[in-house]
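This report refers to the structure that appears directly beneath it.
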Amino acid sequence: MLGVLHGLDRVRLQGSLRCLYHRDLFRQYLYELKVLWKDFKAFACDLTARVHQSAVDLARAAGRPYCYLRSCNLSKEQWITDLLARDPVREGLIAVLGYVEPCRTYKVYGHRQTQKLELRLEASRCLHLYFYVQHPRWGRLHLRLQTWYPFLIHICLNVHDGLARQMDAAGLRYERADNRFTWLADFPTVQALADAQLRTDWVSLCEELRRAYHPLHEEIARPRRGLSYYWTAQETEYASDVLFRTQAQLDRLYPRLVHHGMIHMNCTEVMRFLGKRLDNGFQGKMVTDLRTRSEGTPA
């Protein structure tokens with residue numbers, strides 16, 4: 001074996017305005033804005049429209065496209081990949097995509113018994129904005145912004161991309177296939193770079209992106225001084241790239257790896273690895289059919 005590289009892979013960071021998820025605090029927030037509950041929908045719609053227009057303006061100013069995706073069958077990642085094949089971007093904004101997705105947001109209802117209005121935080125759907133960016137350090141990433149209260153943010157990045165950029169900057173030679181490294185000229189140095197990534201100031205990175213692509217936050221936060229995003233690592237992947245000197249070495253181990261996967265991996269884990277998320281409400285049928293196996297692989 002040539003060696004094993006351990007390090008972060010895909011990371012999903014979440015930014016939330018926590019106090020706006022508490023109904024009583026959100027009431028106080030609206031009181032400070034002097035927004036009556038009966039006027040909340042019009043107020044929120046106007047703010048959402050301006051958040052959306054801000055994204056369109058950012059794309060226009062950068063000379064990059066904005067596209068609203070109407071179908072759930074369209075892959076955002078593939079759309080961006082195809083765009084970059086036609087129009088490469090080395091650094092900066094690639095594109096902004098709009099897409100309606102599930103969320104939690106506030107709505108006002110009339111209560112029949114009390115004859116009063118009620119404010120509820122509930123499951124709904126709204127427009128989300130995806131800002132795809134070529135970051136100078138981390139490579140291709142995206143920021144996902146919910147355009148309705150409470151304006152949840154997700155930032156997704158591939159740390160392998162960042163590591164590849166660091167190796168390029170240091171003049172370290174390597175070979176890469178998709179999202180894995182297949183050869184490294186200097187294992188100790190690259191492992192040290194990967195270890196250093198664990199000490200990244202993620203909050204500073206998140207705030208840098210938030211300032212760039214959600215400029216209306218300051219206005220939204222103005223009624224409550226110090227209202228800022230609380231950043232958490234919602235999902236993280238820690239990967240081990242196992243590099244072999246020859247194909248023959250891998251061929252001897254491959255049947256055991258396949259057998260382990262068949263016995264221990266369920267459909268949900270396999271589909272998630274392939275980039276397909278299955279929620280608890282999935283009622284479909286999943287079939288796997290591998291007609292051609294590598295020689296020596298158990299059936």
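The values are calculated or read from the model by the stated rules, or taken from the named source; none is laboratory data. A quick note: this is a predicted structure, and the numbers were derived from the prediction, not measured. Cβ: placed from backbone, ideal geometry, glycine included. Neighbour counts: every protein chain shown.
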In region 1-56, which residues are assigned to a strand (DSSP E or B) and acidic (Asp, Glu)? Asp9
Tally time: how many residues in region 157-180 are of a type in the set (A, V, I, L, M, F, W, C) and surrounded by fewer than 19 Cβ atoms within 10 Å (Cβ to Cβ)? 5
Boolean, Glu235 is over 23 Å from Ala95 (Cα atoms), of a type outside the set (S, T, N, Q) and not in a helix (DSSP H, G or I): yes
Looking at region 145-160, is at least one residue in contact with a helix residue (DSSP H, G or I) (Cβ under 7 Å, 6 or more places away or on another chain), under 13 Å from Gly7 (Cβ atoms) and not in a strand (DSSP E or B)? yes
Looking only at region 161-210, how many residues end up being among the basic types (Lys, Arg) and assigned to a loop (DSSP other than H, G, I, E, B)? 2
Might you let me know whether region 62-69 holds any residue that is assigned to a helix (DSSP H, G or I) and at pLDDT 95 or above? yes
Among the candidates Leu129, Leu163, residue that is within 30 Å of Lys38 (Cβ to Cβ) and in contact (Cβ under 8 Å) with a residue 12 or more places away in the chain: Leu129
Complete set of residues in region 179-221 that are among the charged types (D, E, K, R) and free of Cβ contacts under 8 Å to residues at least 60 places away in the same chain: Asp186, Arg199, Asp201, Glu207, Glu208, Arg211, Glu218, Glu219
Asp9 - would you say it is surrounded by 12 or more Cβ atoms within 10 Å (Cβ to Cβ) and of a type in the set (Asp, Glu)? yes
